[in-house]
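See below for the structure under consideration.
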Amino acid sequence: KILSEYGIKIPKGIVAYTPNEAKVAAEKLSKTGPWMLKAQIQSGARDKGYFIEKDRGEGGGIRLVKSKKKILENAEQMLGATLVTMQTGPQGKKVNRIYVENYIKVESAFYLSIAINRVTAEITLMVAPLMYSDIIKVALTHPEKILKVALSIEQKTCPKQVKEIIDFLKLPPRSAKHLENLINGIHKAFLQIDASMIEINPVGVLRNGELVALDSKL
């Protein structure tokens, strides 16, 4: 919601506190689906998490649901259960609400975040392709696959930086303007809300070159 206020494209979604609210939300968003159900806890890596309770299905904290019948079933499994991720610790966190979101089909995806580089004292944009592995594994095993770009506090991103990122991620040329708008939006948000980090994981690339923030952590 915050990102969309800065011109960043996001999927439509509705928060639900009960299985029935999730079903109603799904019907409002799309007549036929599919939908994404996302556990709303303060943790990343929810898709790779698991529920402590054994009767909560095999899915993790982010699930692709293709039928209205499965919306209720999955919502009942997720709500009230305890989700464990690599960031929560073994005790996990209780899921009291879920986010029902339109599924968006993308051509490819990549990681993007902005944070303070405390070694160089610079605002730093980080991007990485997500074809083979998640970002944590990439950072640990192949740091060269993460491009770091220093951003100015006063100025918007320059065309040279945009081209460098486009080439690094092997994005189609039609995505260049969309990428520039995305970076400027996340940069402006970072400064105005006084963030320590904004992470979009992943950014989806649509067929027409548009970019959409499919999930985020602030």
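Could you tell me whether the stretch 93-170 comes out rounded, prolate or oblate from its Cα gyration tensor? Rule is a ≥ b ≥ c as square roots of the eigenvalues, rounded for a/c under 1.5, then prolate if a/b exceeds b/c, otherwise oblate. Let's see the in-between values first.
On the way: a/c = 1.60, a/b = 1.46, b/c = 1.09.
Prolate, since a/c reaches 1.5 and a/b exceeds b/c.
Please work out whether the stretch 159-201 counts as rounded, prolate or oblate from its C-alpha gyration tensor, where a ≥ b ≥ c are the square roots of the eigenvalues and a/c under 1.5 means rounded, while otherwise a/b larger than b/c means prolate and anything else oblate?
Values: a/c = 2.58, a/b = 2.14, b/c = 1.21.
The shape class here is prolate.
Using a Gaussian network model of the chain with C-alpha springs under 10 Å, which one of Lys160, Lys93, Lys23 is most mobile by mean-square fluctuation?
Ranking Lys160, Lys93, Lys23 by mean-square fluctuation puts Lys160 first.
Specify which residue in the list Val162, Ile200, Leu83 is farthest towards the positive end of the charge dipole of the stretch 67-210, using unit charges on the beta carbon of Lys, Arg (+1) and Asp, Glu (-1), about the Cα centre.
Leu83
Which of Lys38, Lys66, Lys137 moves most in a GNM of the chain, Cα contacts under 10 Å?
Highest fluctuation of the listed residues: Lys137.
With a 1.4 Å probe and all protein chains left in place, how much of the accessible area of the chain comes from carbon and sulfur atoms, in whole percent? Please list the in-between numbers first.
Values: 6450 of 12280 Å².
Looking at the chain in its full context, I get 53 percent from C and S.
Going by the alpha-carbon gyration tensor, a ≥ b ≥ c the square roots of its eigenvalues, is the stretch 19-113 rounded (a/c under 1.5) or, if a/c is not under 1.5, prolate (a/b greater than b/c) versus oblate?
Details: a/c = 2.08, a/b = 1.21, b/c = 1.72.
Oblate is the answer for the stretch 19-113, as a/c is 1.5 or above yet b/c matches or exceeds a/b.
Charges only on Cβ, +1 for Lys and Arg, -1 for Asp and Glu: so what's the dipole of the chain about the Cα centre, in debye to the nearest 20?
Value, rounded to 20: 520 debye.
Which residue, Glu107, Glu180, Glu73, tops the fluctuation ranking in a GNM of the chain built on C-alpha contacts under 10 Å?
Between Glu107, Glu180, Glu73, it is Glu107 that shows the largest mean-square fluctuation.
Run the dipole for the stretch 83-130 about the Cα centre, Lys and Arg Cβ at +1, Asp and Glu Cβ at -1, nothing else charged, and hand back the magnitude in debye, nearest 20. Please report the intermediate quantities before stating the final value.
Numbers: 5 positive and 3 negative charges, 62 e Å.
Computed charge dipole of the stretch 83-130: roughly 300 debye.
Which one, Ser30, Pro143, Ala109, projects farthest toward the positive side of the charge dipole computed for the chain from Cβ point charges (K/R +1, D/E -1)?
Ser30
Using the Cα centre of the stretch 7-135 as the reference point, and only Cβ charges (+1 on K/R, -1 on D/E), how large is the resulting charge dipole? Debye, rounded to the nearest 20.
Working: 20 positive and 12 negative charges, 73 e Å.
The dipole magnitude comes to about 360 debye.
What 222 nm value per residue comes from the helices of the chain, counting each DSSP H run with n ≥ 4 as -39,500 (n - 2.57) and dividing by all residues, nearest 500 deg cm²/dmol? Mind showing how you got there, number by number?
Values: 5 runs with 57 residues, N = 218.
Theoretical 222 nm ellipticity from helices: -8000 deg cm²/dmol.
Return the lysines within reach of Lys170: Cα separation strictly under 21 angstrom, same-chain partners fewer than 8 residues apart disregarded; answer none if there are no such residues.
Within reach: Lys9, Lys105, Lys137, Lys145, Lys148, Lys160.
Send over a whole-number figure in Å² for the accessible area per residue of the chain, probe 1.4 Å. Kindly include the intermediate steps, with their values, before the conclusion.
Working: 12280 Å² over 218 residues.
Dividing the accessible area of the chain by its residue count gives 56 Å².
How long is the chain along each principal axis, judged by its Cα atoms, biggest number first, in Å?
The principal-axis extents, from largest down, are 51, 38, 33 Å.
Just to make sure I understand: if all protein chains stay in place, what is the order of Arg97, Arg118, Arg63 by accessible area at 1.4 Å, largest first? Before the final figure, lay out each step's value.
On the way: Arg97 105, Arg118 195, Arg63 15 Å².
Reading off the accessible areas and sorting them downward yields Arg118, Arg97, Arg63.
What accessible area, in Å² to the nearest ten, does a 1.4 Å probe give for His142?
Its accessible surface works out to 80 Å², give or take rounding.
The values are calculated or read from the model by the stated rules, or taken from the named source; none is laboratory data. Everything quoted here is computed from the prediction, not taken from an experiment. Positions of Cβ are backbone-derived with ideal geometry, glycine not excepted, and every protein chain shown enters the neighbour counts. With ligands, DNA and RNA removed, areas are computed over all heavy atoms of the protein, side chains included. Shrake-Rupley method; radii C 1.70, N 1.55, O 1.52, S 1.80 Å.
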